[in-house]
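Below you'll find the structure, written out as structure tokens, and then a few comments.
The values are calculated or read from the model by the stated rules, or taken from the named source; none is laboratory data. These figures come from a predicted structure and were not determined experimentally. Here Cβ is always computed from backbone atoms with ideal geometry, including for glycine, and neighbour counts include all displayed protein chains.
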Amino acid sequence: MPETLIFYLLSGLAILTSALVIGQRNPMYSVMLLIASFGALAGLYVTLDAPFVAVAQIIIYAGAIMVLFLFVVMLLNAPHEDGAEWDRAHPLRQPGVGRFGALLALLLVVQLAWALLRTGSVDVPVTGAVDAETISSVRLVGRTLFTDYVFAFEATSILILVAMVGAVVLAHREGDRG
Amino acid sequence: MFHSSFDAVVPMLCVALAALAVMGAEAFRSRGETMPVGGLGIVGLIGAAVSSALLWNRNAISFGVIVADNFALFVTITLVIVGILTIMFSSPVVKRDGLPKGDFYALILFSIVGMMMMASANDLLVIFIGLEIMSIAVYVLTGIRRDDPRATEAAFKYFLLGAFSSAFFLYGIAFTYGLAGTTRLDRIGAFLAAQSMSDNRLILVALGLLLVGFAFKISAVPFHMWTPDAYEGAPAIVTGFMSTGVKAAAFAAFARVFLSAFEPFSGEWAPIVWWIAVATMILGTVVGVAQSNLKRMLAYSSIAHGGYLLVGLVAANQVGKAAILFYLLAYAVTNLAAFGVIALLGTKNAANDELRDYAGLWHSRPALAGLMTVCLLSLGGLPPTVGFIGKWYIFSAAVGAGYYGLAIIGVLTSVISVFFYLRVVVMMYMSDQPATVVFPPVSTVGMAALVASIVVILALGILPTPVLNLAAESIATIF
């Protein structure tokens, strides 16, 4: 019973935040709400016994990709508060863009409906011989990472270090050091 | 001697530690104090060379993915030579151009770590990580002169196209993993040996994507577009480093992946590589003739040399495989020395890399003109230099494997390329017009590096047998 409650809570949160994302004037708020939406989705993955997917969702989507989004938003200096100007110049006000968006949304609905109808007719249970524990267990992922792929894992640290050094070399101000 | 499961990573560990030491020394020095960071780097590289020599014939494997077979060790030692020469040529350049000293050497050393990883990896994932370590360091080195718009543009182009090609390569790895269920080269080879092309067309997709990734790094036609711009824009010594080190590492990984894991499908990839080799040799030579900038000319020459190396890969007999290794070493020393001369003749505000700047060099700098002549003759493949032996060996491998067409095209393009190398020589000696450029005084360290590389070029050109035997021995043990 509590699982059902959590499911509705997280689903409601995901839907609510997603709806709010497209309703914001300030793109910075949109980005923040999108992070909340991703977080709610990650919670849903946990309830589905897929902790690895949940963690990957947070690290990759809510972490790396959203940081990239934030950078783009800040670089474009978009969050200006002039509401009327924003409304007039907003790309979604262009009729062509609006129609294209509507078309995409319609396609998505059709695709989802088709997928749902198909799932109804497939009677093989999704969890077959392998149980959830073996498919996506943090322990197994960790063990593989630190045995078969341990060298690749350690070598990645050099890669990240080189990237950091490179970024500092290219970005630092002249005359920082004598 | 003490043996452990870490043996195979010792050479790259030496260089990585040297890079960290360089960064640490530079970070904690007090203002105005100078640190011998170049010397630290050379110590690390010598450590790598010594450990490689100790590991010779031992076939050490670490973590299951790093193999120190003789092939990897031969390439590692080639990379050590590239690294030491680069550091020696850089020491006057870094001072002259006011480059961030610690960062510059640390990036060179880290890049060499990535190259060594590529040369000795037995796993596609590790090859990819090595490739990225190498590439990211080289992107930054290309644009390290931020006051030079040409360098910034070159770095940006190189970075964007390089990231694009990395994606191709990664996609190829993903497809291979999807088919074989592993990224280890030996297991992929075993899986593919049991397959035939009609079983799974996706193998061709994986093969093609990996081929594009490698072809970009060795700047084979038609994936060479970035090369002239990146080579021209980067500081001369960085160009020398990336045209030799990057090419050697990428070729080593290329040869290992295609001659071990994808060997069962050589009937599929050999014709494609045949065409790439022909296009690369012809384009590199023909377009190279028309260049007026020396760095740009050497960029096209480096494309053409990639084509000759591909001939060895297509021939893929015992002679061909050994010829690749020998040619990599020969080309690395020669090309680095040529770029070293350009680097030593440049100044902070004038690169002095146009062809006309070299008119009458014989009168103002006779020693440098003489040394440059030896480099250019070796690049053109004239005896008694190492370039002649390398080319002769590659083409005889092609003939031995029955690829007469490749050998003929190779010889013809070499003859054409001699024309543009000799054009520089003629300019240096026979021009009577007074020199218009003022060359800086040449540093002792740079001169020492230059003389050392010329000695290697001539010594290997006259007595190549010991190194040829080493190359043949190192290839025989694995493929």
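From B:Ile475, B:Ile457, B:Ile389, grab the single residue that is surrounded by 15 or more Cβ atoms within 10 Å (Cβ to Cβ) and within 25 Å of B:Val93 (Cβ to Cβ).
B:Ile457 is the lone residue from the list that is surrounded by 15 or more Cβ atoms within 10 Å (Cβ to Cβ) and within 25 Å of B:Val93 (Cβ to Cβ).
Please find, within the range B:54-79, the residue that is nearest to B:Arg184 (Cα to Cα) out of those that are aromatic (Phe, Trp, Tyr) and away from chain A (no Cβ under 14 Å).
Of everything passing the filter in the range B:54-79, B:Phe71 is nearest to B:Arg184 (Cα to Cα).
What is the one condition in (1) within 14 Å of another protein chain (Cβ to nearest Cβ); (2) under 30 Å from B:Ala174 (Cα atoms); (3) among the aromatic types (Phe, Trp, Tyr) that B:Phe28 does not satisfy?
Of (1) within 14 Å of another protein chain (Cβ to nearest Cβ); (2) under 30 Å from B:Ala174 (Cα atoms); (3) among the aromatic types (Phe, Trp, Tyr), only one is false for B:Phe28: (2).
What about B:Thr285, is it over 17 Å from the mean Cα position of the chain (by Cα) and not in a helix (DSSP H, G or I)?
no
I'm checking my understanding of the structure. Among residues of the range B:137-153 that are within 8 Å of chain A (Cβ to nearest Cβ) and assigned to a loop (DSSP other than H, G, I, E, B), which one is nearest to A:Val165 (Cα to Cα)?
Selected residue: B:Ile144.
Restricting to the range B:110-123, give me the number of residues that are assigned to a helix (DSSP H, G or I) and facing chain A (nearest Cβ under 10 Å).
5
When B:Tyr231 is evaluated against the numbered criteria (1) without any contact (Cβ under 8 Å) to a residue 60 or more places away in the chain; (2) of a type in the set (Ser, Thr, Tyr); (3) crowded, with 20+ Cβ neighbours inside 10 Å, which criterion, by number, is the only one it fails?
Going through the list (1) without any contact (Cβ under 8 Å) to a residue 60 or more places away in the chain; (2) of a type in the set (Ser, Thr, Tyr); (3) crowded, with 20+ Cβ neighbours inside 10 Å, B:Tyr231 breaks only (1).
Working carefully through the options B:Ala72, B:Ala18, B:Ala106, find the one that is touching an Asp or Glu at 6+ places or on another chain (Cβ under 9 Å) and crowded, with 24+ Cβ neighbours inside 10 Å.
B:Ala106
Examine the range A:20-36 for a residue that is over 15 Å from the mean Cα position of the chain (by Cα), modelled with pLDDT of 90 or more and aliphatic (A, V, I, L, M), and state whether such a residue exists.
yes
Test A:Ala62 against the criterion of being surrounded by 12 or more Cβ atoms within 10 Å (Cβ to Cβ), modelled with pLDDT under 70 and not polar (S, T, N, Q), and give yes or no.
no
Among the residues of the range B:17-33, which ones are small (Gly, Ala, Ser) and assigned to a loop (DSSP other than H, G, I, E, B)?
Passing the criteria: B:Ser30, B:Gly32.
Is it the case, given these coordinates, that B:Leu131 is part of a helix (DSSP H, G or I), within 11 Å of chain A (Cβ to nearest Cβ), out of contact with any Pro (no Cβ under 6 Å at 6 or more places or on another chain) and farther than 16 Å from B:Ala250 by Cβ?
Considered against the rule, which asks whether it is part of a helix (DSSP H, G or I), within 11 Å of chain A (Cβ to nearest Cβ), out of contact with any Pro (no Cβ under 6 Å at 6 or more places or on another chain) and farther than 16 Å from B:Ala250 by Cβ, B:Leu131 comes out as no.
Quick one: in the range A:153-167, of everything that is at the interface with chain B (Cβ under 7 Å from one of its Cβ atoms) and of a type outside the set (Val, Ile, Thr), which residue is farthest from B:Met12 (Cα to Cα)?
A:Gly166
Taking the range B:1-15, which residues are under 22 Å from B:Gly130 (Cα atoms) and either surrounded by 15 or more Cβ atoms within 10 Å (Cβ to Cβ) or of a type in the set (S, T, N, Q) (or both)?
B:Ser5, B:Asp7, B:Ala8, B:Val9, B:Val10, B:Pro11, B:Met12, B:Leu13, B:Cys14, B:Val15
I need the helices (runs of 4 or more DSSP H) fully contained in the range B:154-270, keeping only those with at least 2 residues that are at pLDDT 90 or above and under 22 Å from the mean Cα position of the chain (by Cα).
Because the criterion is at least 2 residues that are at pLDDT 90 or above and under 22 Å from the mean Cα position of the chain (by Cα), the helices (runs of 4 or more DSSP H) in the range B:154-270 that meet it are B:202-217, B:226-233, B:236-241, B:247-256.
Is it true that B:Ile203 is more than 26 Å from B:Ala279 (Cβ to Cβ) and in contact (Cβ under 8 Å) with a residue 60 or more places away in the chain?
So B:Ile203 does not fit the description; no.
Tally time: how many residues in the range A:18-57 are basic (Lys, Arg) and in a helix (DSSP H, G or I)?
Qualifying residue count for the region: 0.
Got at least one residue in the range B:181-190 being surrounded by fewer than 20 Cβ atoms within 10 Å (Cβ to Cβ) and on the phi > 0 side of the Ramachandran plot?
Yes, the range B:181-190 contains a residue that is surrounded by fewer than 20 Cβ atoms within 10 Å (Cβ to Cβ) and on the phi > 0 side of the Ramachandran plot.
Test B:Leu54 against the stated conditions and say whether it is more than 23 Å from the chain's Cα centre (by Cα), farther than 22 Å from A:Val162 by Cβ and at pLDDT 90 or above.
Here the answer is yes, as B:Leu54 does meet what is asked.
List the number of the failed condition for B:Pro100; all other conditions in (1) within 14 Å of chain A (Cβ to nearest Cβ); (2) buried (at least 22 other Cβ atoms within 10 Å of the Cβ) hold.
So B:Pro100 meets the others, but not (2).
Would you mind telling me which numbered condition in (1) crowded, with 19+ Cβ neighbours inside 10 Å; (2) away from chain A (no Cβ under 11 Å) B:Pro36 fails?
The number of the failed condition is (1).
Every residue, every condition in (1) within 24 Å of the chain's Cα centre (by Cα); (2) surrounded by fewer than 20 Cβ atoms within 10 Å (Cβ to Cβ); (3) not in a helix (DSSP H, G or I), yes or no:
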position: B:Ser378; (1), (2), (3): yes, no, no
position: B:Val399; (1), (2), (3): no, yes, no
position: B:Val411; (1), (2), (3): yes, yes, no
position: B:Ser417; (1), (2), (3): yes, no, no
position: B:Tyr421; (1), (2), (3): yes, no, no
position: B:Asp432; (1), (2), (3): no, yes, yes
position: B:Val437; (1), (2), (3): no, yes, yes
